């Protein structure tokens, strides 16, 4: 690391000779030692999941939620410095509200991602602030139907397309991930935090880009991936939290909600089972190699 | 040809005459609208044994013109509270949007209940969520604050639901922030026409607690009919809501029935008689 | 590695992604004397060891009522605690005036959480040097929250912070499953026993150095048993609950705390 | 109905103050400006005894000729640490414009609560009286349109009544009636509490006739006076009726009594 001792890594917004902002890179380190969080975009919705490391047995089980709702149709999960994550969520909720005040319609997922990306990027421009110590995954379902404008009275004109292009499809599920630098991309599957490598490997195995998987499958896959990602730091106990969003005719009726307890427990049972099966396969493989020597 | 920018995109003065800007108020203090434009008429409500029945017609009048006939003047909040708006419709829309944002904030506080297994939570008293009494206090402060800044929300609002002890709650607040509660309430014309009728059935809290749901709905429908007879800014299509601990049943397109205009014959000047 | 360049202010990340100023602030919490909190289905309890600067001086107050349904136990810089408790008091009063109900404990705690977070992200600001245990009741029953200088706030079944609080936490972990159905007196007893675990061997619980705070919630009637702090002789009846395993040699005089306290820590 | 009617004279009985907007306004002034005030009727009464104070008020709330509510209390315990005010020591009654009355009560209550939080003891009635005066005067040019009366026990445990005008001028008195029927009740109190125009028969001729000697009234006598005062007021004033709310402040605490009044 050419940074330490050169003095270029001491304050924010300073470029090192090779063009890097080390404070942002150090912020990414803070993200990496947080619990794993993932998002999966399926064809009829989005699933978010997070591995909440249980820091003390005295914590009240199920009380400390990490996945937050922004507006009603958007979910945010994050890894890294949790107070930074809460500040991120507060700001996201303000952005969603100001959008509604101006346009009288819910904010789209891409617009929220863009605004939050700007907010994080702004924290890399000045020495008076430090970058955010989180990477956030934003999942949402933008309305496909023509929603009545908030507070609308009467049903409006009955003729004409109302400015909509009839053959263009609007809305649908969206997934974005925003890094401390403010950089964000759209994803089919996103993962961050300690177990992100293992999680990414598992996500790539799923057929997310082609025909896509259903919401129910995604809930089961998400649980399994979190268990796999958690696998290496086996000692620490963890609590799985999952949320999902579907279209208006789907199970959550367009709202971002926590996955019901029964469904989550079922998904966890399958995840543990598939984890044990894959352990047995490794034993057989090892014995196989021994036999060959 | 006058190429100066002020002339761009404007009808020519030499053809149409100089522009009359007298209606603009470019001197004097910034003023806000202080009179109702599109208005809704009475909202009436009555308590009964397990909850509250509320009704309001679907008319929005523009002065004496029956301008909009499908305006929903009963709005719901978090399916625990029904809010009825009399007075200015644009202020109603603003308040409805504002309450929707308040409901969104409420949905952020996802409260794990005491214990998942031991008690079913009725919708009206979901722990942590604002009930009707809480929402009423909020609205009362909002209306009073707007009155203090001489920029009032020109409404009289009825709020119905359950209070913190899960008992029926009904209260009213108006554009000045004046608020009060009573076993039955009515705004506008309803205060003069409907209240005397409703008070026969729900004069005191004890009387109201004896009313069944059917009786309460019947009384409210009777009053809506009387109001249609006598209030010149009323309509025969209305919305009616029943709220109790199981939530809200809202019907937004009821037709007034059992009308009988026989009494009109006796009114001098009606139709052809000259007596 | 080179810790001293990265720990001057709260806007500098170290190469491992840590903010040392926030971690040092957490140390200030450990300077304060130990406090314990426990929540059950019907009550939330706070107990605290109070310290005096010298033999003849008064004892530092540790439990503060914020509103009729919520109170806090503090560990660390008392001045920071005063700023936070005044803020919490105003928020609860404002909430009650606006909604006429007990302010939900979670939203109250989130407020001081985001307040504290800001102090860890802007130059020229410093983290709060105090940790809080917030015990209260609202429509969804009793709650116990821990607040840390980093802005981290979490809901607990029981917890302890302050000097040697690890011993108290070990006691709490051993008796974890008893708390949910404990009665009001049992909760206080558990709290005091946990406190005793954290005492330096020759010190003990006395009416001078022990404070008890209790708040309750009756689910059927939705009534709140207001938050109340018991000090001095009012604590005697609770001390008797845990007087059974008193060490021989009778009550020694309370020796003065030996650690030197740099700042005006709550001793 | 009265609220939306364009005709100002229909704006209800103009007993307490004339609210009819002027029509002969100079050119350019708007005709129908928003009037932030209204009169919600009702009446209050406070009498201080030797070791008690009674604060009373009717529970009717009106606007114009309609009754809004038959039970809208005007007398409030303030300064308690809990929302049920079980340990409150002061009582405030407000009458006039109900929204201002409620706002005033909530502000004073919040201030008393903060005082108790900061000083560890309840506010004395004397201190609270002065604080209320400053609250009222802060809005001297957009007043709280409410006639406030503050009741409690002074440092020596004697009954204390402080009465106010809407902008904060105040005075400690033996008794005071406020609101719509004040003009009916106050003379009754002068005669029955302060024994005005009552003379000892045969005690002298002309100026030598001695006035009846004033003595502190017992609690029972005062309660009867309050009931009679309100029964009289209800008979002759349409804005008073439905219910009588009384709060009796003694050193044991504050007792509340609710009695029916005529509902016509």
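A few remarks follow.
- Largest mean-square fluctuation among C:25, C:160, C:48, in a Gaussian network model of chain C whose springs join Cα atoms under 10 Å apart, belongs to C:25.
- Mean residue ellipticity (222 nm) of chain A, computed from DSSP H runs ≥ 4 via -39,500 (n - 2.57), nearest 500: -12000 deg cm²/dmol
- Sum of -39500 (n - 2.57) over DSSP H runs of 4+, divided by residues of chain B (222 nm, nearest 500): -9000 deg cm²/dmol
- Site pair residue B:150 and residue B:30 shows an inter-label distance of 1.4 nm when each label is modelled 7 Å from Cα along Cα→Cβ.
- A simple spin-label model places pseudo-atoms 7 Å from Cα toward Cβ; at residue C:236 and residue A:170 they are separated by 7.5 nm.
- Cβ neighbours within 10 Å from other chains - mean over D:60-68: 4
- Beta bridges per DSSP with both ends in segment C:19-244, % antiparallel, nearest 5: 100
- Per residue of A:72-85, other chain Cβ atoms within 10 Å of the residue Cβ number 3 on average.
- DSSP assigns beta bridges within the protein assembly as shown; of those with both partners inside it, close to 100 percent run antiparallel.
- Top of A:63, A:201, A:262 by mean-square fluctuation, Gaussian network on chain A, Cα under 10 Å: A:63
- Comparing C:177, C:231, C:67 in a Gaussian network model of chain C where C-alpha atoms under 10 Å apart are linked, the largest mean-square fluctuation is found at C:177.
- Building the convex hull from the alpha-carbon atoms of the protein assembly as shown and averaging its projection over directions returns 67.0 nm².
- The calculated FRET efficiency for residue B:207 paired with residue D:218, based on their beta-carbon distance and R0 = 41 Å, is about 0.60.
- Part-to-part distance (alpha-carbon centres) for segment A:94-130 and segment D:172-251, which is given in Å: 67
- Fewest-first sequence of D:264, C:202 by Cβ atoms within 10 Å of each Cβ: D:264, C:202
- Shielding score for C:5-16, defined as the mean number of other chain Cβ atoms within 10 Å: 6
- For the pair segment B:63-108 / segment C:68-133, the C-alpha centres are spaced 34 Å from each other.
- Fully extending the segment from residue C:8 to residue C:174 would add 55.8 nm, taking 0.36 nm per residue of separation and subtracting the current Cα-Cα distance.
- Set of segment D:129-152 residues, backbone N closer than 16 Å to the point 7 Å along the Cα-Cβ line of residue D:171: D:148-150
- Placing R0 at 22 angstrom, the Cβ-Cβ distance between residue A:209 and residue A:261 gives a FRET efficiency of 0.10 after rounding to 0.05.
- Fewest neighbouring Cβ atoms within 10 Å first, the residues B:35, B:64, B:107 line up as B:64, B:35, B:107.
- Segment A:82-124 shape via C-alpha gyration tensor axes, a/c threshold 1.5: prolate
- Cα gyration tensor category, rounded, prolate or oblate, for chain A with a/c compared to 1.5: oblate
- Cα-based shape type of segment C:19-244, given that a ≥ b ≥ c are square roots of the gyration tensor eigenvalues and the cut on a/c is 1.5: oblate
- The mean sequence separation of alpha-carbon pairs under 8 Å and at least six residues apart, normalised by the residue count of chain B, gives a relative contact order of 25 percent.
- Alpha-carbon centroids, segment C:163-194 and segment B:176-200: separation in whole Å: 55
- Going from the residue with the fewest nearby Cβ atoms within 10 Å to the one with the most, C:153, A:135, A:6 rank A:6, C:153, A:135.
- Point-to-point label distance, residue C:207-residue C:115, nm (Cα→Cβ direction, 7 Å offset): 3.5
- Mean sequence separation of contacting Cα pairs (under 8 Å, at least six apart), scaled by the length of segment B:159-257, corresponds to a relative contact order of 20 percent.
- Treating each Cα of segment A:1-69 as one equal point scatterer and applying the Debye formula with no solvent, the log10 of I(q)/I(0) at q = 0.18, 0.25, 0.26, 0.27 Å⁻¹ comes out as -0.81, -1.08, -1.13, -1.19.
- Relative to the longest principal axis of the Cα atoms of chain B, the long axis of helix B:213-230 lies at roughly 30 degrees.
Readers should treat all values here as calculations from the given coordinates under stated rules, not as data from a laboratory. Please read all numbers here as calculations on a predicted model, not as lab measurements. Neighbour counts are summed over all protein chains in view; Cβ atoms, including those assigned to glycine, are modelled from backbone coordinates with ideal geometry.
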